1. Considering only region 60-91, state which residues are under 25 Å from I284 (Cβ atoms) and either in contact with a strand residue (DSSP E or B) (Cβ under 7 Å, 6 or more places away or on another chain) or free of Cβ contacts under 8 Å to residues at least 12 places away in the same chain (or both).
2. Considering only residues that are out of contact with any Asp or Glu (no Cβ under 9 Å at 6 or more places or on another chain) and either touching a residue at least 24 places away in the same chain (Cβ under 8 Å) or within 25 Å of Q272 (Cβ to Cβ) (or both), look in region 142-158 and name the one that is surrounded by the most Cβ atoms within 10 Å (Cβ to Cβ).
3. Only residues that are of a type in the set (V, I, T) and more than 24 Å from N140 (Cβ to Cβ): list them for region 156-201, please.
4. Hey, does region 280-288 have a residue that's under 24 Å from V122 (Cα atoms), in contact (Cβ under 8 Å) with a residue 40 or more places away in the chain and loosely packed, with under 14 Cβ neighbours inside 10 Å?
5. Please pick out the residue among N115, N103 that is of a type in the set (S, T, N, Q) and farther than 30 Å from D239 by Cβ.
6. So which residues in region 43-63 are loosely packed, with under 13 Cβ neighbours inside 10 Å and more than 15 Å from I8 (Cβ to Cβ)?
7. Of all residues in region 64-85, which are among the small types (G, A, S) and surrounded by 10 or more Cβ atoms within 10 Å (Cβ to Cβ)?
8. Give me a count of the residues in region 197-219 that are touching a Ser or Thr at 6+ places or on another chain (Cβ under 9 Å) and within 26 Å of S105 (Cβ to Cβ).
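The values are calculated or read from the model by the stated rules, or taken from the named source; none is laboratory data. Only a predicted model underlies this, so the values are computations on that prediction, with no experimental measurement involved. Using ideal geometry, Cβ is built from the backbone for each residue, glycine included, and neighbour counts are taken over all protein chains shown.
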Amino acid sequence: MRIGLLDIDFKSNTKNVYPNLALCKIAAWHKAQGDIVEFATPFDHYDILYRSKIFNFSPDDTTIYNADKEIRGGTGYDIASTLPAYIDDMQPDFTIYPNIAPNTSWGFLTRGCPNKCAWCVVPRKEGAIRPYWDIDRVANGAKNVILMDNNILAAGDYAIEQFHKIIDRGYRVDFNQALDARLITPEHAKLLARMKWVERRIRFGCDTPKQIEECERAIAMITNEGFKGQFFLYCMLTDNFYESWQRLMYWWLRDQELRDMHKTARIYPHCQPFRDPINPNRSIPQWQKDMAHWCNRKVYFESTPFEEFRPRKNFSCGEYVQQYTRR
């Protein structure tokens, strides 16, 4: 059979390719059956066409394809969709992505999450935290491992076990969905400080004012254990402008302080405008777009406070501050 694949979320102009894990496993399974597998084009005929969409806000591919059967999957199409167990158990075939990073593997040590954040579908889709694959199985011979766990620290002893293996094997890792700073213990801090990192960067989430203190606590613990890399903070922008602005400005001032002290351990927030996991048509306020534009481009973030940032001609973000703080 001839199998066609469509990665709906993939943008061909992105520098770093993050493979669609489901498509990689589907490709591996079909190749094991002797099938021909490729990314679909409108010029060929396919026995089966697989569309995979992770994000509900990704625009669909409206191209007309010639296929006998089409299968749509992924949270972007249906929150309840999952891979059959016999496919989910396959080692993913990353070679279907020609520009993929060399000597790198992607995967999960755990699935699920105990939190119930308004912007996240993971608890509803995957349920409570549970072990999934061992680090050696995820790595599959690669030295660089991108781990996409949603809350590895909530896995308790299993997380500690996997951290020790990561260190013992010498893997370079990136927990690219962020760690929960609230769960960091002295043991976690020691192990994280000893790990090798793909980008010498540890990621945390800082989505509420209360998490600021927890992030500071975790950063101090890990730094005191000898870690000299960067800290990267995912900051969800809520509907509350004033709270979001104050949370981001806290980290802006913190970064200015570290720069003035010529510290090598830097803290970089990264804004994420709120996207409704159920309603993809919910509009994003312009202030969230402008705040993300300011924060996520370091040339702006490092030089200018948000209220002085000018994203457009004749407009300063200080107008947002005046508009929303006078209420």
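1. D61, T62, G74, D78, listed by residue number.
2. D149
3. Of everything in region 156-201, those that are of a type in the set (V, I, T) and more than 24 Å from N140 (Cβ to Cβ) turn out to be I184, T185.
4. Checked against the condition, which is being under 24 Å from V122 (Cα atoms), in contact (Cβ under 8 Å) with a residue 40 or more places away in the chain and loosely packed, with under 14 Cβ neighbours inside 10 Å, region 280-288 yields at least one hit.
5. Result: N103 is the single residue among N115, N103 that is of a type in the set (S, T, N, Q) and farther than 30 Å from D239 by Cβ.
6. Matches in region 43-63: F43, H45.
7. Across region 64-85, the qualifying residues are A67, G73, G74, G76, S81.
8. The qualifying residues number 1.
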